[in-house]
Structure formats: structure tokens, C-alpha cells
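Okay, so here's the structure we're looking at.
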Amino acid sequence: MDASKALVSLVLFIAATTIPSFHAFDPDSLQDLCVADTYKGIKVNGFPCKEDSNITASDFFFAGLATPAPINNSVGFAVTQANVDSLPGLNTLGISLNRVEYSPNSGLVPPHTHPRVTEIIFVLEGQLDVGFITTANKLISKTIKKGEVFVFPIGLLHYQQNNKDKPASAVVAFNSQLPGILVVAPALFSSSPAIDNDVLARTFQIGTDKVAERLNQGFLRAKKISETTVYMY
């Protein structure tokens, strides 16, 4: 092997063994505690740390998951979130929980995605039809009941629906302190500023701009649902 090839091989070896691997979830913490200081305006991929002298046990406690949230929308679900916004001790720890309530007879968490995280759901009460869609447009679905678990892989479109005539509830975990959510219908039809009607009409093959315009108007309430319920604490 000549000197130039040897040098290239050495550089590639060093790069492969020393460059850290990249991951799609929250980075590891570099200290014991970094309680989120939500009052500081500057955020760089997370919240700055509160001074150690100001940390209390309440920073690591949240009672909100003990009580079901009221369902007040037409699709029939409510969410209570235990993430860094409501539980500042989660900052840099890469985990959060939701409690989800589903109304009887088809209470639905509409198709949505969490671009940054994997999700796992544990059924507390009732029975749910759940599923996700792969990038090959394959639907992976299952009916799960009390005590059972289902996983939604990172970034994939998924949904949950109550298939019984009784209320259902579940706890959902994420490998992020703030997973984020993108609900398909309001994202497309109630964006601000609005997506051009011609784009929507041609995408969904719905014919005319007037049809797309009606859809735009019809999904305004869905946007309100997303703001008031999906992000309800």
C-alpha cells in the first residue's frame, strides 16, 4: 500500500472510531440536574438551567396525570402532558408522559406525528384501535386493551381510536422532554398563512378551488382543537 492510500485509510479509521454517533432523541445530560428555567428568554435546543440554590422538590413533581382531563371537542379526546413545560425537572432527561382520555364510541386522536421521538402507549382502561403508517404506505394496526402496550416508531404517522361504548384512557411515553406534535388535518387546512387552495385541490384530487376553500373553512375548528386540547396541561 502506498503512502497516500495508507493516509486515507488512517483518516477513515480515525473518523469512524472517534466521531460520536448522532441520534434523533434528546442529548444526554452533562450534569446531575438541569431544572428548566422557563423565565429566561434565551433557549438553545432546550431550556437553560435554574440555579442550584433555587431548585426544590416541586420542580420534580407533577400531579396532573392523577385526574382525567375533560373532553371538550368533536373528535373525542383530551390530553394532559407531563413534559418539561409542566415538570421542569425533566429538562435534559429525555423523557415525558401524556395521559390521554378517549370518549365512548370512536373517541379519536387524529392522524399525527411526533417528528423527533418514538412513542409507546399503555392502556389504562378500555380498548383502542391503534396504528401507524410506514414510509412504504403500509398500515401496521392492532387492537389493544387494558394492560397492553404498543409502540409507534419515530416520526411515523399514527392514530388511536376508542372502539367501545365506554370511556378509555392511556398513558403515553416519549423519549424526549418536549416531543412536539403535528396533526395532519389542521396542519394542512388551517395553516397560517394558508396553503394555496390549488395545492390542496391537486394534492387530494378534490376537483376545484371551491372545494378546497370549503375544506379550508371546515378545518378552522380543528386548528382550535389542536391549540386547546392537544396542548392542554
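Before moving on, here are some points about what is shown:
- Any chance N72 is modelled with pLDDT under 90, closer than 30 Å to G126 by Cα, in contact with a helix residue (DSSP H, G or I) (Cβ under 9 Å, 6 or more places away or on another chain) and of a type outside the set (S, T, Y): yes
- Screening T92 with (1) modelled with pLDDT under 95; (2) outside any loop (DSSP other than H, G, I, E, B); (3) surrounded by 18 or more Cβ atoms within 10 Å (Cβ to Cβ); (4) of a type outside the set (D, E, K, R) gives one miss only, at (2).
- Scanning region 174-188 for residues that are assigned to a strand (DSSP E or B) and either on the phi > 0 side of the Ramachandran plot or surrounded by fewer than 19 Cβ atoms within 10 Å (Cβ to Cβ) (or both) yields one hit, L182.
- Qualifying residue in region 113-129 (condition: modelled with pLDDT of 95 or more and of a type in the set (K, R)): no
- Residue, nearest to I181 (Cα to Cα), within region 49-70, restricted to residues that are crowded, with 16+ Cβ neighbours inside 10 Å and without any contact (Cβ under 8 Å) to a residue 60 or more places away in the chain: F62
- Any hit, region 75-83, residues being in a strand (DSSP E or B), in contact (Cβ under 8 Å) with a residue 40 or more places away in the chain and either of a type in the set (K, R) or farther than 28 Å from P186 by Cα (or both): no
- The sole residue among I195, I121, I133, I144 that is of a type in the set (A, V, I, L, M), surrounded by fewer than 18 Cβ atoms within 10 Å (Cβ to Cβ) and touching a strand residue (DSSP E or B) at 6+ places or on another chain (Cβ under 7 Å) is I133.
The values are calculated or read from the model by the stated rules, or taken from the named source; none is laboratory data. These numbers were taken from a predicted model, which means no experiment stands behind them. Counting neighbours? That spans all protein chains shown, and the Cβs are built from the backbone with ideal geometry, glycine included.
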